[in-house]
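S.K.: To start, I am sharing the structure in question, which I have written as structure tokens.
Read the figures in this text as sums done on the coordinates, not as results from a lab. Since this is a predicted model, take the numbers as computed values, not measurements. In this analysis, Cβ positions are derived from the backbone assuming ideal geometry, glycine residues included, and neighbour counts consider all displayed protein chains.
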Amino acid sequence: MSDVKRSSWSGLVLGRSHRPRRSSGADHGQVRSGRWGVPVLSWVAAVALGALAIGACAPPTAAPGSGDGGVSVAGPPRTVIVHGSAPIDVVLSDSGPSGPMSLVSFESSAPAGDITFRVKNLGTMEHEMIVLKTDTPFDQLPVTDAGDPPAPVKSGANKVDEANNVAETGDPNLKPGETRTFSAKLDAGHYVLVCNLAGHYQMGMRAPFTVQ
Ligand SMILES: [Cu+2]
């Protein structure tokens, strides 16, 4: 879990440096499976190759994989766990109260099930993030509501409707610099991530999100 956090945030800073690291882990797996896939070699040669392979790989990953004899079984579940528990990083920002504002999700989709969002407010004012389930394109939600909680109004609307709210950062709003993490069990479908503080959706705080 700590490994997941580290790689995800380092991806933010270093431009997804965790992806090459993940694929290099797969390479290690291939090296190990290659070792088990050469029965024609003598055991002496196999052990020598094994020593080379282990020397080339990081010790923590080489030890458990070689012990259970089922390399192809040990690899995939580990990958699934990383994907399922890795938070989706979302950054909220603004250039002041008159905008423009932004809501950027570092992933645009995720597998159905328990999904964790880690929302960071890098703006100068309070923000929030709400997950709306809708087939309407993310930038075409009708702005029909106002107030708190939002309710339809005849004039002065500055919020989108929240009837299809399936998850959110909740109260209180995120102060500048604050990060909040929340999880939700989401079915496959189309979603829109929004900040629905007055006027913020129109000023750009919206992003599409797909659950597969
Ligand atoms: Cu906002």
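S.K.: Can you check what the net charge comes to around GLU162, using other residues whose Cβ is under 14 Å from the Cβ of GLU162 (Lys, Arg +1; Asp, Glu -1)?
M.R.: Numbers: positive: LYS133, LYS159, ARG206; negative: GLU128, ASP145, ASP148, ASP161, GLU168, ASP171.
Net local charge, GLU162 excluded: -3.
S.K.: A further question follows. Which ordering of HIS200, HIS190 is given by a fewest-first count of other beta-carbon atoms within 10 Å? Could the numbers behind the result be given before it?
M.R.: Numbers: HIS200 27, HIS190 15.
Final ranking by Cβ density, sparse to dense: HIS190, HIS200.
S.K.: May I pose another question? Could you pull out every one of the lysines with an alpha carbon less than 19 Å from that of LYS175, ignoring same-chain neighbours closer than 8 positions?
M.R.: Result set, ordered by chain and number: LYS120.
S.K.: Follow-up. Identify all aspartates and glutamates with a Cα-Cα distance to LYS185 below 15 Å; exclude those on the same chain that are fewer than 8 residues away in sequence.
M.R.: Qualifying aspartates and glutamates at Cα under 15 Å: ASP114, GLU168.
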